[in-house]
Amino acid sequence: MAPKTSSDADARRVRRCRVCNSKDLTLVLDLGETPLANSYLERPTDPERRFPLRLLFCNDCSLVQLSHIVRPDLMFRDYAYRSSSSATVREHVRELAEYLHANFLTSSKDLVVEIGSNDGSLLGAFKGLGSRVLGVDPAKNLARIANERGLETIPEFFDASMAHQIRQTRGPARIIIGNNVFAHVDDLHDLMGGVAALLDEGGVFSIEVPYLGDLNQNVEYDTVYHEHLSYFAVHPIETLFAQFQMGLLSVTRLEIHGGTIRVIGTKSKKRIPRSPFIDLERKCGLDRLETFRDLGYRVEYQKSYLKYTLDKIKSEGRAIVGYGAPAKSNTLLNACGIGTETLDYVIDTTPEKIGKYTPGTHIPIYETERFRRDQPPYALMLAWNYEKEIILKERDYTGQFIIPIPYPRILSKNPGQ
Ligand code: JHZ
Ligand code: ZN
């Protein structure tokens, strides 16, 4: 059932920008009302709640943000996504741990804190390098897995009061990491206050967020779901860090998750020069309302084109399945109206998803083995951000993959061979 008014207890309507407090917000994309992207169903008949999925543009600081904020405990207490579920992410976090360890740690006594530490993939890599680690993650199911692996994890939301407590009991942190967590937090001022309080003098705060430049360029509207409250360019991040006397040491663009930026900030009394990214972003129009109005039209085109491609295959009597059941696939499937009339099933490697049904569209989720056995003529790669990994892994697949983003394309047979 959709929330009827802004006073609905489970979804708050946004009236002011999360970064600059402006009221000058304009609606730029409306994806309808969708269920929570990681709320996989036990049974297709289970009741579901839907919430508006809309993007607003801040005309003052150019932050792109959701119009409705769902209560975080509905989304993050029992979490289906595991960061260890793909080889790409496992390799990515290993490299990040090595990089931060080599550049910013001086002793094995230095404390590394990860906010949103999920099942402990990154902390495990730091521990392997001999570091002292602490995780914080509200998902009780994932914190349990990490604790069982010997990676101490507090099963709570990180906030300023917790930051003070950690500092009192364990001392300051030399490195704080927030990978794919900054976009998920409503009160960024409280989070930044906590980071500033916990961070040692000269320590670093390293975050990774999906990059708005990639969302815009590649029409990645499927990365819009209720967990992602903010869609960042560098400019709003720099504005926010500056409010806490923190400057940006570096900004790096990464391929992961369809395009990510890693921003490393530090507390500094010296003036740190403005990031060169900000001029680039201006040239690309990431600070302009028209850019996101135009994105709205491109999303409509892309959705219709995908529907047309799939309907054509179905009209020829050929079966299609979905490959991967990422959170983002649930935005795509719901926004395009793709359900069991089009996809026989989807497959996924995550134990938390197998045997369940996709939210809103009620497609059964099976193990990868089923796909390998059936060899369906077409497979819609819903986890398109792992195209290379999947093609290599499925080099014996005799059918054809359909890649939905940036625009639908059908790959030739056996592209991995
Ligand atoms: P993946 C997550 O989004 C959630 P999702 C989160 N909200 C976030 O911010 C982003 O990450 C960044 C499966 N798979 O990583 C595993 C296969 O089945 O794109 C996953 O369920 N076989 C924190 O959920 C899904 O696909 C495979 O071979 O969109 C991928 O999810 C591979 C490679 C993956 O993130
Ligand atoms: Zn703003």
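Descriptive notes on the structure:
- Selection count, the range 361-417, where residues are closer than 19 Å to Val219 by Cα and within 14 Å of ligand 1 (Cβ to nearest atom): 11
- With respect to being in contact (Cβ under 8 Å) with a residue 60 or more places away in the chain and surrounded by fewer than 21 Cβ atoms within 10 Å (Cβ to Cβ), Glu387 falls outside the description.
- Residue count, the range 69-120 (criterion: of a type in the set (A, V, I, L, M) and either within 16 Å of ligand 1 (Cβ to nearest atom) or without any contact (Cβ under 8 Å) to a residue 12 or more places away in the chain (or both)): 11
- Scanning the range 77-120 for residues that are crowded, with 21+ Cβ neighbours inside 10 Å and closer than 12 Å to Ile176 by Cα yields Ala97, Leu100, Leu105, Leu111, Val112, Val113, Glu114, Ile115, Gly116, Ser117.
- Among residues that are within 14 Å of ligand 1 (Cβ to nearest atom), assigned by TED's automatic domain parsing to the domain that holds Gly120, of a type outside the set (Asp, Glu) and touching a residue at least 12 places away in the same chain (Cβ under 8 Å), Ile237 is not included.
- The single residue among Ile177, Ile166, Ile145 that is assigned by TED's automatic domain parsing to the domain that holds Asp110, open to solvent by less than 10 Å² (accessible area, probe 1.4 Å) and within 16 Å of ligand 1 (Cβ to nearest atom) turns out to be Ile177.
- Filter result (near ligand 1 (Cβ under 9 Å from one of its atoms) and open to solvent by 40 Å² or more (accessible area, probe 1.4 Å)) within the range 325-351: Thr349
- Qualifying residue in the range 313-320 (condition: open to solvent by less than 20 Å² (accessible area, probe 1.4 Å) and out of contact with any Phe, Trp or Tyr (no Cβ under 9 Å at 6 or more places or on another chain)): no
- Residue selected from the range 59-68 under the condition out of contact with any Leu (no Cβ under 6 Å at 6 or more places or on another chain) and either hydrophobic (A, V, I, L, M, F, W, C) or under 23 Å from Leu31 (Cα atoms) (or both), by the criterion farthest from ligand 1 (Cβ to nearest atom): Asn59
Results for (1) more than 23 Å from Arg12 (Cα to Cα); (2) open to solvent by less than 10 Å² (accessible area, probe 1.4 Å); (3) in the same structural domain as Ser39 (by TED's automatic domain parsing); (4) of a type in the set (S, T, N, Q), shown as yes or no for each residue.
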| site | (1), (2), (3), (4) |
| --- | --- |
| Leu212 | yes, yes, yes, no |
| Gln217 | yes, no, yes, yes |
| Ala242 | yes, no, yes, no |
| Leu254 | yes, no, yes, no |
| Gly259 | yes, yes, yes, no |
| Arg262 | yes, no, yes, no |
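- Counting the residues of the range 395-405 that are free of Cβ contacts under 8 Å to residues at least 40 places away in the same chain and in a loop (DSSP other than H, G, I, E, B) gives 5.
- Residue list for the range 121-140, restricted to those being within 14 Å of ligand 1 (Cβ to nearest atom) and either surrounded by fewer than 24 Cβ atoms within 10 Å (Cβ to Cβ) or more than 23 Å from Asp200 (Cβ to Cβ) (or both): Ser121, Pro138, Ala139
- Meeting the requirement of 2 or more residues that are touching a residue at least 60 places away in the same chain (Cβ under 8 Å), the helices (runs of 4 or more DSSP H) wholly within the range 268-370 are 289-315, 327-336.
- Consider the range 25-74 and keep the residues that are basic (Lys, Arg) and assigned to a loop (DSSP other than H, G, I, E, B). The one that is surrounded by the fewest Cβ atoms within 10 Å (Cβ to Cβ) is Arg43.
- Tally, over the range 371-384, of residues that are open to solvent by 30 Å² or more (accessible area, probe 1.4 Å) and touching a residue at least 40 places away in the same chain (Cβ under 8 Å): 2
The values are calculated or read from the model by the stated rules, or taken from the named source; none is laboratory data. As the structure is a computational prediction, the values presented were derived from the model and not from experiment. Cβ: placed from backbone, ideal geometry, glycine included. Neighbour counts: every protein chain shown. Only protein heavy atoms, including side chains, enter the accessible area calculation; ligands, DNA and RNA are left aside. Shrake-Rupley method; radii C 1.70, N 1.55, O 1.52, S 1.80 Å.
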